[in-house]
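Asker: Just dropping this structure here.
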Amino acid sequence: MSTATKETAVKASGKPFLMRIGIGLFGLGMLAVLAVFVLFAAGLENLPVWLSVAAGVITPLGLLLGLIALVREARSKS
């Protein structure tokens with residue numbers, strides 16, 4: 001019975017920490033990409049450098065961290 005409780009507790013905790021970080025960074029990066037598109041469509045040409053860097057770096061970084069977390073989880077299960 002105690003093993004079933006431990007398995008339930010592990011499943012209830014959700015995604016691994018690295019996956020949560022990856023999802024958060026990817027979401028922030030996508031918001032930056034959306035902001036770049038909206039600002040560009042509004043007619044602004046000189047966008048802040050930090051916004052362009054966030055759109056170009058944070059999004060793929062979050063995707064990479066998410067993929068690494070998936071690979072680590074798959075390897076630990078097999």
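Values quoted throughout were computed directly from the atomic coordinates according to the rules given, and no laboratory measurement underlies them. It should be emphasised that the depicted structure is a prediction, and the values quoted were computed from it without experimental measurement. Please note: Cβ atoms are built from the backbone with ideal geometry, for glycine as well, and neighbour counts cover all protein chains shown.
Asker: Using the beta-carbon distance between residue 74 and residue 40 and R0 = 35 Å, what value does 1/(1 + (r/R0)^6) give for FRET efficiency, to the nearest 0.05? All intermediate terms of the calculation are to be shown ahead of the outcome.
Answerer: Details: r = 39 Å, r/R0 = 1.10.
So, using R0 = 35 Å, E works out to roughly 0.35.
Asker: What's the long-distance tail for the stretch 15-77, i.e. % of Cα pairs beyond 16 Å?
Answerer: Within the stretch 15-77, distances greater than 16 Å cover 49 percent of Cα pairs.
Asker: A further question follows. For residue 26, what is the net charge nearby, where nearby means another residue's Cβ is under 15 Å from its Cβ and Lys, Arg count +1, Asp, Glu -1?
Answerer: Around residue 26, the surrounding residues sum to +2.
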